[in-house]
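The structure appears right after this line, and notes come after that.
Every number here is computed from the coordinates shown, using simple stated rules; none is lab data. What you are looking at is a predicted structure, and each value in this text was computed from that prediction instead of being measured. Every residue, glycine among them, receives a Cβ derived from its backbone with ideal geometry; neighbour counts consider all protein chains shown.
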Ligand code: ZN
């Protein structure tokens, strides 16, 4: 049984941003030497999220528009009285801070239209991304 952890940082440059991190996750899986197992991609942040979907530029903007529509950054959320980012906490709570992928034959298994992306909802910030690969 192998256990491998890699951490990298993603610097975002605006309040809302979707960043494709697929190649960085895939290189961590390759480096792990795991042939068959699981790959966890996790952000230790309460105002960001991880998604697995198509990284087409228009759709990357659509994710942001949907998040704004659903979680309403300008609504009078109670948390905004102390910290002006309630929408980002709520969206992170619903979307989730992680995704898990099967590792099969040494590769992170995903569909053709499933890139791995970090969703920034309270940037700009430097975000930590943790990739943990376990298996044999
Ligand atoms: Zn907050």
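Structural remarks
- Between residue 126 and residue 94, the modelled labels are 3.2 nm apart [label points 7 Å from Cα along Cα→Cβ].
- The ranking of 7, 132 by Cβ neighbour count inside 10 Å, starting from the fewest, reads 7, 132.
- Pairwise centroid distance, computed over Cα atoms, of segment 20-45 with segment 59-136, Å: 16 Å
- Taking 89, 45, 79 in turn, the Gaussian network model of the chain (Cα-Cα springs below 10 Å) assigns the largest fluctuation to 79.
- Degrees separating the helix 57-71 axis from the principal Cα axis of the chain, which is the longest one: 50 degrees
- Between 0 and 90°, nearest 10: helix 22-32 axis offset from the chain longest Cα axis: 40 degrees
- Sequence of 109, 1 once ranked by neighbouring C-beta atoms within 10 Å, starting from the fewest: 1, 109
- Each Cα pair under 8 Å and six or more residues apart adds its sequence gap; the mean of these over the residue count of the chain is a relative contact order of 55 percent.
- With only the Cα atoms considered, the chain has a convex hull volume of 98 Å³ per residue.
- Using a Förster distance of 22 Å, the FRET efficiency for residue 74-residue 46 (Cβ separation, nearest 0.05): 0.65
- Value of Rg to Rh for segment 80-136, rounded to two decimals, is 1.08; Kirkwood radius and Rg both from alpha-carbon coordinates.
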